[in-house]
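The values are calculated or read from the model by the stated rules, or taken from the named source; none is laboratory data. Fair warning: this is a prediction, and the values are worked out from it, not measured in the lab. Every residue, glycine among them, receives a Cβ derived from its backbone with ideal geometry; neighbour counts consider all protein chains shown. These accessible areas exclude ligands, DNA and RNA; they are computed on the full protein's heavy atoms, side chains included. Shrake-Rupley method; radii C 1.70, N 1.55, O 1.52, S 1.80 Å.
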Amino acid sequence: MPRELKTAISVGIGLFIALIGFVDAGLVRRTAAPPVPVQFGVDGSLGGWPVLVFVVGLLAITIMVVRKVRGAILYGILGATVLAIVIEAITKVGAAGPGYATNPRGWGLNVPRLPDHWIQVPDFGLLGHFSLLGSFERVGVVAAVLLIFTLMVADFFDTMGTMTAIGSEAGLLDEDGVPPNSQRILVVDSVAAAAGGAASVSSATSYIESAAGVGEGARTGLASVVTGVCFLLATAFAPIVEIIPYEAATPALVVVGFLMMTQVTEISWDKYDIAIPAFLTIVLMPFTYSISVGIGAGFVSYVVLRAARGKAREIHPLLWVVALLFVVYFAIDPIKQALGVS
């Protein structure tokens, strides 16, 4: 994979997590008007106290980042959470509800109020409740294989994009733009994904929000160990975690998105056969809300454009295979229809 395409993956993921931050904070929202898919806040305004908390938190973090304050992101989240608690105690804003339907100016995830109980016993009742061959029994072999293929491609390239982007942000990539110990990372991610399924929880996988930790200086596996321990503790201290609303946490994603966006200067925009795939990679990640789609569009367009310029022999054989796999991935619905699979 060309180094500039790897850079485009990092930049695209940066824009993607920034968009996640804006959407989760309610600054960017869907609109009911068909010609306009999204809008700024509520009817073009900030839309209530929660979004104001997000703006204040974002400004506070950016000021601390500019002044090179260590722990700026953590301090910003804590400060915004305290502000959110005070505002909720005074104004009684309440929850927004799914899709901001019931209360457009409410809190997006958690209502920031002090809990009645600070500790609760975690419920592991679903642990181990899974069926290894259940999908084959329910939908048949062909449909199950196509489903597994789709999940595998999405998970693999999401992980690849994540580790490349975070490795680039941390300055850990080698001269070829490859993260160290890539094979180990992919093996660990695969085992974690399978273990997550066996535990009847969401797929356990590498998370692009880890870039927030890298932005604060994380460079070794110790940061991941600490994060894992904190997640384990959070099962008992869930009432404390639930104090923090989206609007207090998401400024961190926007700031980290900016840090990752700075790599865009490393792309040679005057070379169209690499610039166009890089552009598609960057824009399709946030526009489609999918890392895999952005990576796939970049791979496929790169192979097509290089071949069109008569440089097919310069394309690594694995890139041809990956591009073909992504063509199948993108066309999975027509393939299902052709095979008569629902």
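Of all the residues that make up the range 79-112, how many are farther than 13 Å from ALA25 by Cβ and basic (Lys, Arg)?
Summing the residues that are farther than 13 Å from ALA25 by Cβ and basic (Lys, Arg) in the range 79-112 gives 1.
Taking the stated definitions as given, is LYS68 of a type in the set (D, E, K, R) and part of a helix (DSSP H, G or I)? Give the derivation first.
Working: of a type in the set (D, E, K, R): yes; part of a helix (DSSP H, G or I): no.
No.
When the residues of the range 242-257 are filtered to those that are of a type in the set (A, V, I, L, M) and under 14 Å from GLY26 (Cα atoms), which remaining residue is farthest from the chain's Cα centre (by Cα)?
Filtering the range 242-257 for residues of a type in the set (A, V, I, L, M) gives 243-244, 248-249, 252-256.
Right, trim to under 14 Å from GLY26 (Cα atoms) and you get 248-249, 253-254.
Values: ALA248: 18, ALA249: 14, LEU253: 9, VAL254: 12 Å.
Among residues in the range 242-257 that are of a type in the set (A, V, I, L, M) and under 14 Å from GLY26 (Cα atoms), the one farthest from the chain's Cα centre (by Cα) is ALA248.
Consider the range 97-115. How many of its residues are in a loop (DSSP other than H, G, I, E, B) and either free of Cβ contacts under 8 Å to residues at least 40 places away in the same chain or among the β-branched types (Val, Ile, Thr) (or both)? So that I can check it myself, show each step before the final result.
As a first pass, look at the range 97-115 and keep what is in a loop (DSSP other than H, G, I, E, B): 97, 101-106, 108-115.
This time we only want the ones that are either free of Cβ contacts under 8 Å to residues at least 40 places away in the same chain or among the β-branched types (Val, Ile, Thr) (or both), so: 97, 101-103, 111.
Final tally of qualifying residues: 5.
State whether the residues of the range 131-147 include one that is over 20 Å from the mean Cα position of the chain (by Cα), hydrophobic (A, V, I, L, M, F, W, C) and either assigned to a loop (DSSP other than H, G, I, E, B) or at pLDDT 85 or above (or both). Don't jump to the end; show me each part of the working.
First, pick out the residues of the range 131-147 that are over 20 Å from the mean Cα position of the chain (by Cα): 131-147.
Next, only the ones that are hydrophobic (A, V, I, L, M, F, W, C) stay: 132-133, 136, 139, 141-147.
Next, from what is left, pick out any that are either assigned to a loop (DSSP other than H, G, I, E, B) or at pLDDT 85 or above (or both): 132-133.
So far as the range 131-147 goes, yes, one or more of its residues are over 20 Å from the mean Cα position of the chain (by Cα), hydrophobic (A, V, I, L, M, F, W, C) and either assigned to a loop (DSSP other than H, G, I, E, B) or at pLDDT 85 or above (or both).
Only residues that are among the β-branched types (Val, Ile, Thr) and either under 15 Å from PRO104 (Cα atoms) or open to solvent by 10 Å² or more (accessible area, probe 1.4 Å) (or both): list them for the range 54-72, please.
Narrowing the range 54-72 to residues among the β-branched types (Val, Ile, Thr): 55-56, 61-63, 65-66, 69.
Listed by number, the residues that qualify are VAL55, VAL56, THR62, ILE63, VAL65, VAL66, VAL69.
Within the range 223-233, is there a residue that is open to solvent by 40 Å² or more (accessible area, probe 1.4 Å), touching a residue at least 12 places away in the same chain (Cβ under 8 Å) and among the β-branched types (Val, Ile, Thr)?
Yes.
Just give me the residues in the range 24-48 being free of Cβ contacts under 8 Å to residues at least 24 places away in the same chain and not in a loop (DSSP other than H, G, I, E, B), in sequence order. Step through it out loud before you land on a result.
Let us first name the residues in the range 24-48 that are free of Cβ contacts under 8 Å to residues at least 24 places away in the same chain, namely 28, 31-41, 43-46.
The answer is VAL28, VAL38, GLN39, PHE40, SER45.
Would you call GLY167 in a helix (DSSP H, G or I), within 24 Å of ARG3 (Cβ to Cβ) and open to solvent by less than 30 Å² (accessible area, probe 1.4 Å)?
Yes; evaluated as a whole, the condition is true for this residue.
Taking the criterion of being surrounded by 20 or more Cβ atoms within 10 Å (Cβ to Cβ), under 22 Å from GLU4 (Cβ atoms), touching a residue at least 60 places away in the same chain (Cβ under 8 Å) and touching an Asp or Glu at 6+ places or on another chain (Cβ under 6 Å), would at least one residue in the range 197-217 satisfy it?
Yes, there is a match, as at least one residue in the range 197-217 is surrounded by 20 or more Cβ atoms within 10 Å (Cβ to Cβ), under 22 Å from GLU4 (Cβ atoms), touching a residue at least 60 places away in the same chain (Cβ under 8 Å) and touching an Asp or Glu at 6+ places or on another chain (Cβ under 6 Å).
Would you call SER203 touching a helix residue (DSSP H, G or I) at 6+ places or on another chain (Cβ under 7 Å), among the hydroxyl-bearing types (Ser, Thr, Tyr) and part of a loop (DSSP other than H, G, I, E, B)?
Values: touching a helix residue (DSSP H, G or I) at 6+ places or on another chain (Cβ under 7 Å): yes; among the hydroxyl-bearing types (Ser, Thr, Tyr): yes; part of a loop (DSSP other than H, G, I, E, B): yes.
Yes.
Report, by residue number, each residue of the range 84-96 that is surrounded by 16 or more Cβ atoms within 10 Å (Cβ to Cβ), assigned to a helix (DSSP H, G or I) and touching a Leu at 6+ places or on another chain (Cβ under 9 Å).
ILE85, ILE87
Which members of the range 286-342 meet the condition of being under 20 Å from SER10 (Cβ atoms) and among the polar types (S, T, N, Q)?
Across the range 286-342, the qualifying residues are THR288, SER290, SER292, SER301.
Filter the range 87-140 for residues that are closer than 25 Å to VAL201 by Cα and of a type in the set (S, T, N, Q) and give the result.
ASN110, GLN120, SER131, SER135
Is one or more of the residues making up the range 175-187 among the basic types (Lys, Arg), out of contact with any Gly (no Cβ under 6 Å at 6 or more places or on another chain) and modelled with pLDDT under 80?
So far as the range 175-187 goes, no, none of its residues is among the basic types (Lys, Arg), out of contact with any Gly (no Cβ under 6 Å at 6 or more places or on another chain) and modelled with pLDDT under 80.
If a residue has to be aromatic (Phe, Trp, Tyr) and open to solvent by less than 20 Å² (accessible area, probe 1.4 Å) to count, how many in the range 17-33 make the cut? Even if it seems obvious, please write down each step before you answer.
Residues of the range 17-33 aromatic (Phe, Trp, Tyr): 22.
Next, only the ones that are open to solvent by less than 20 Å² (accessible area, probe 1.4 Å) stay: none.
Looking only at that region, the number is 0.
Please verify whether GLY12 is surrounded by 18 or more Cβ atoms within 10 Å (Cβ to Cβ) and at positive phi, treating the condition exactly as stated. Please lay out each step first, then the result.
Numbers: surrounded by 18 or more Cβ atoms within 10 Å (Cβ to Cβ): yes; at positive phi: no.
No; evaluated as a whole, the condition is false for this residue.
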